[in-house]
Amino acid sequence: MAEVRSPRFSRPVAPRRTAHDSVHFEAGIALCEAAGCTVTDLFGEPLTDRTTGLLAAADAETHAALLEMIRSA
């Protein structure tokens, strides 16, 4: 998660449990958001305690492009 600020590392992530079940994801999410990344669930919605997949991108433009790729898959 720490490398997401670089556009070449932006990618969807699907943890086995919810994203909030793991301190590793919580810390990574906080780090990404503090760095100005866009972090949502795989549908572009805000993260909740039920989120099971997340999308982290370096910026809003990259995030939108990745969401479009997910939707068209």
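The values are calculated or read from the model by the stated rules, or taken from the named source; none is laboratory data. Note that the structure is a prediction, hence the values are computed from the model and not measured. With ligands, DNA and RNA removed, areas are computed over all heavy atoms of the protein, side chains included. Shrake-Rupley method; radii C 1.70, N 1.55, O 1.52, S 1.80 Å.
Remarks
- Gain upon complete extension [ALA65, LEU31; 0.36 nm per residue less C-alpha separation]: 10.1 nm
- Accessible-area order (highest first, 1.4 angstrom probe) of the listed residues ARG71, ARG50: ARG50, ARG71
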